[in-house]
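Scroll down for the structure; my scribbles are underneath it.
The values are calculated or read from the model by the stated rules, or taken from the named source; none is laboratory data. Quantities reported herein were computed from a predicted structural model and do not represent experimental measurements. Cβ placement follows ideal geometry from the backbone for every residue including glycine, while neighbour counts extend to all protein chains displayed.
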Amino acid sequence: MISDHSSSNLRKHTSTNPLQRALLDRFHETAQHLLGRVAPAPRRILDAGCGEGFAMRAVLGTTDAEVVGLDGSPGALRVAGVLNPARPFAAGDLYDLPFPNHSFDLVVCMEVLEHLHEPGRGLRELCRVSSGWLLLSVPNEPLFRGANFLRGKNLRAWGNDPGHVNHWTFGGFLRFVAPYCQVVAAHQSFPWSLTLCRVER
């Protein structure tokens with residue numbers, strides 16, 4: 001199932017390192033806490049940039065809502081479909097989501113915006129398909145890079161993951177988000193930043 005597909009996200013979520021497992025568990029618990037603040041409870045949720053579906057399973061696995069996953073990697077979607085067999089998935093581009101305006105009560109986008117060369121354009125598209133709520137997460141810099149460097153990962157890049165082109169501090173990410181939507185709640189779960197936002201209509 002996983003042998004023909006590999007990514008840093010897959011390796012992160014299948015790591016047996018107990019510290020990494022604990023950090024991911026706390027990250028997912030923080031996301032669930034923020035999700036609990038969405039009212040009324042969402043009926044349709046988009047997981048934009050769902051990757052292999054690990055966060056979908058951990059954060060959205062018990063919701064009664066219809067959850068749609070979208071990603072640009074066919075290999076990631078194959079894994080996501082196995083991990084989340086009851087969920088529908090679509091291949092697509094975050095810059096041009098294949099959904100009408102206001103299609104989802106909640107749009108979740110975790111660990112994606114740091115990869116985009118035009119993150120504002122991506123965030124505008126997420127806002128377009130949301131009828132009210134966004135749940136976003138990105139690495140909290142420089143803590144994320146520092147943690148990588150201290151454990152010997154990506155040493156030549158001073159701990160930076162090769163695919164990360166945006167490097168927000170916690171406060172910097174809140175300032176980035178503010179022109180697009182209203183930040184309702186924000187939390188730090190080392191080494192990530194998470195925000196729950198309201199899209200004004």
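Go through segment 150-201 and give me each residue that's buried (at least 17 other Cβ atoms within 10 Å of the Cβ), under 16 Å from L135 (Cα atoms) and within 15 Å of the chain's Cα centre (by Cα).
F173, V177, A186, S189, W192, S193, L194, T195, L196, C197
Could you list all residues from segment 45-77 that are among the acidic types (D, E) and not in a loop (DSSP other than H, G, I, E, B)?
Within segment 45-77, D47, E66, D71 meet the criteria.
Of the residues A48, A76, A90, A80, which is farther than 26 Å from P179 by Cα, touching a strand residue (DSSP E or B) at 6+ places or on another chain (Cβ under 6 Å) and either hydroxyl-bearing (S, T, Y) or crowded, with 16+ Cβ neighbours inside 10 Å (or both)?
So the residue among A48, A76, A90, A80 that is farther than 26 Å from P179 by Cα, touching a strand residue (DSSP E or B) at 6+ places or on another chain (Cβ under 6 Å) and either hydroxyl-bearing (S, T, Y) or crowded, with 16+ Cβ neighbours inside 10 Å (or both) is A80.
Return the residue satisfying two criteria in turn: it lies in segment 1-38 and is modelled with pLDDT of 95 or more and either more than 23 Å from D71 (Cβ to Cβ) or among the hydroxyl-bearing types (S, T, Y) (or both), and of such residues it is surrounded by the most Cβ atoms within 10 Å (Cβ to Cβ).
T30
Look through L94, L46, L10, L113 and report the one residue that is under 15 Å from the mean Cα position of the chain (by Cα), more than 22 Å from S130 (Cα to Cα) and of a type outside the set (S, T, N, Q).
Sole residue among the options that is under 15 Å from the mean Cα position of the chain (by Cα), more than 22 Å from S130 (Cα to Cα) and of a type outside the set (S, T, N, Q): L10.
For (1) in contact with a Lys or Arg (Cβ under 9 Å, 6 or more places away or on another chain); (2) touching a residue at least 60 places away in the same chain (Cβ under 8 Å); (3) more than 26 Å from N17 (Cα to Cα), each residue gets a yes or a no:
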residue: V107; (1), (2), (3): no, yes, yes
residue: R124; (1), (2), (3): no, no, yes
residue: E141; (1), (2), (3): no, no, no
residue: G152; (1), (2), (3): no, no, no
residue: V183; (1), (2), (3): yes, no, yes
residue: Q188; (1), (2), (3): no, no, no
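Tell me which residues, restricted to segment 126-139, are without any contact (Cβ under 8 Å) to a residue 60 or more places away in the chain and over 12 Å from the mean Cα position of the chain (by Cα).
Scanning segment 126-139 gives a single hit, R128.
List the number of the failed condition for R201; all other conditions in (1) more than 21 Å from V107 (Cα to Cα); (2) in contact (Cβ under 8 Å) with a residue 12 or more places away in the chain; (3) in a loop (DSSP other than H, G, I, E, B) hold.
Here R201 clears every test but (1).
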